[in-house]
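What follows is calculated from the coordinates using simple rules that are stated; it is not laboratory data. Because the structure is predicted, anything quoted here is derived from the model rather than measured. Every residue, glycine among them, receives a Cβ derived from its backbone with ideal geometry; neighbour counts consider all protein chains shown.
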Amino acid sequence: MNFRQEMIEKQKSRSKWLQEGDLNTKYFHMLINWRRMQNMIKGIKIGGVWNEDPIKVKEEVKNFYKNRFIEKGDIRVRMDNIDFSSISREDNFLLIKRFSKDEIKATV
């Protein structure tokens with residue numbers, strides 16, 4: 001199903017929901033199950049070999065995102081050889097602490 005057809009179906013389901021409310025649950029369950037099937041990852045290439053084992057697929061996807069978002073080393077942001085300094089622990093504490101009611105009243 002292409003994007004245009006999908007959007008038409010989505011609009012139809014919304015108008016149908018407004019008209020029939022909870023009376024047409026079979027229709028909506030069918031749409032949900034269809035969408036779930038479309039979004040499901042049935043298999044993935046692991047080491048150049050297609051694999052459909054759900055446990056291995058889940059593990060590979062988990063490892064992909066784990067490696068994608070892991071922080072690697074002590075990366076310092078630099079711009080034209082300018083070293084950005086870090087703030088002290090005390091300044092960091094002041095930035096993340098909650099506002100007091102008195103501070104809010106004084107500001108407002």
Near the amide H of I46, under 5 Å away, which other amide H atoms are found, from residues 5 or more places off or on another chain, if H is placed in the peptide plane?
N51
Extension gain (nm, one decimal) between F69 and E52, 0.36 nm per residue minus Cα-Cα:
3.6 nm
Label model pair F28, I8: point-to-point distance (7 angstrom along the Cα→beta-carbon line) in nm is 2.4
Restrict the search to region 39-108; then list the trypsin sites (Lys or Arg not before Pro) that DSSP places in a loop and that have at most 14 other Cβ atoms within 10 Å of their Cβ.
K42, K72, R76, K97, R98
Spelling out what I want: for every residue of region 102-108, take phi, set θ = phi - 60°, compute 6.51 cos²θ - 1.76 cosθ + 1.60 (Karplus), and round to whole Hz; glycine and proline get x.
5, 5, 5, 4, 5, 6, 6
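For M40 and K97, compute 0.36 nm times the residue count separating them, minus their Cα-Cα distance, and round to one decimal in nm.
Taking M40 through K97 to full extension adds about 16.3 nm, to one decimal.
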Report Rg(Cα)/(2.2 N^0.38 Å) for region 26-108, keeping two decimals.
2.08
Taking the simple approach of a point 7 Å from Cα along Cα-to-Cβ for both R89 and E60, what is their distance in nm?
4.5
